[in-house]
Amino acid sequence: MDLRKFFKDRQTGSSTPPPSIYPRAPGTSIGYDPLLIKRLRADHRRLLDLFAQTQALLTTTDYDAVRRKLGELRIILQEHLVIVTNKFYVYLARQLADDREKAALVSGHRRAMLSNSREIMDFAGTYGAIRLDDRGAELFQTELLAIGAALVRRIEHEESELFALYRAAY
């Protein structure tokens, strides 16, 4: 069987994506996603759960499990960053570009989110690369609590100030 003919016969003949029933952000192919806020909230809960689980593992001195949990945290955070950066912040920034006050709010939150995320990634990378033991556990816990508190503040602000701005029609 000729595979080229097989795949060619199944092509629709059009290279344009099917029309979306939801509006797209101006100048992008990023459309409104009615499930996005639900997904972002679920990601936030998962990130906070991972911090709590890491803290709990630290109290048991299971340092190998702490390192594994940090690896999981990095993966979940990376996946979240791709979605929130490309679907949420770009959509909002483009939709609200004509409203200086809201555009500045979105931009400020985006910068804070990226800064906080870099801190978490650096923290997870540092402690994922070294052997954690009883001597380093106190410093680890101090840094974990500080980063976790910053994450909680960022999530609270994002959910309370920005999520309400995300909508299909403006």
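Being touching a residue at least 60 places away in the same chain (Cβ under 8 Å), aromatic (Phe, Trp, Tyr), closer than 30 Å to Ala164 by Cβ and surrounded by 15 or more Cβ atoms within 10 Å (Cβ to Cβ), is that true of even one residue in the range 46-54? Yes, the range 46-54 has at least one match. Within the range 80-107, residues that are under 16 Å from Glu159 (Cβ atoms) and aromatic (Phe, Trp, Tyr) reach partners that are in a helix (DSSP H, G or I) and at pLDDT below 95 with beta carbons closer than 6 Å, at six or more positions or on different chains, in the pairs Tyr89/Arg110. A single member of Arg46, Arg94 is farther than 18 Å from Ala129 by Cα and in contact with a Pro (Cβ under 9 Å, 6 or more places away or on another chain), and it is Arg94.
Which residue, of Leu132, Leu151, Leu162, is touching a His at 6+ places or on another chain (Cβ under 9 Å) and closer than 18 Å to Ala56 by Cα? The match here is Leu151. Looking at this structure, is Ala65 out of contact with any Ser or Thr (no Cβ under 6 Å at 6 or more places or on another chain), surrounded by 15 or more Cβ atoms within 10 Å (Cβ to Cβ), under 14 Å from Glu161 (Cβ atoms) and free of Cβ contacts under 8 Å to residues at least 40 places away in the same chain? No: the conditions fail for Ala65.
The values are calculated or read from the model by the stated rules, or taken from the named source; none is laboratory data. If you're wondering where the values come from, they're calculated on a predicted model, not measured in any experiment. All Cβ positions, glycine included, derive from the backbone under ideal geometry; neighbour counts span all protein chains shown.
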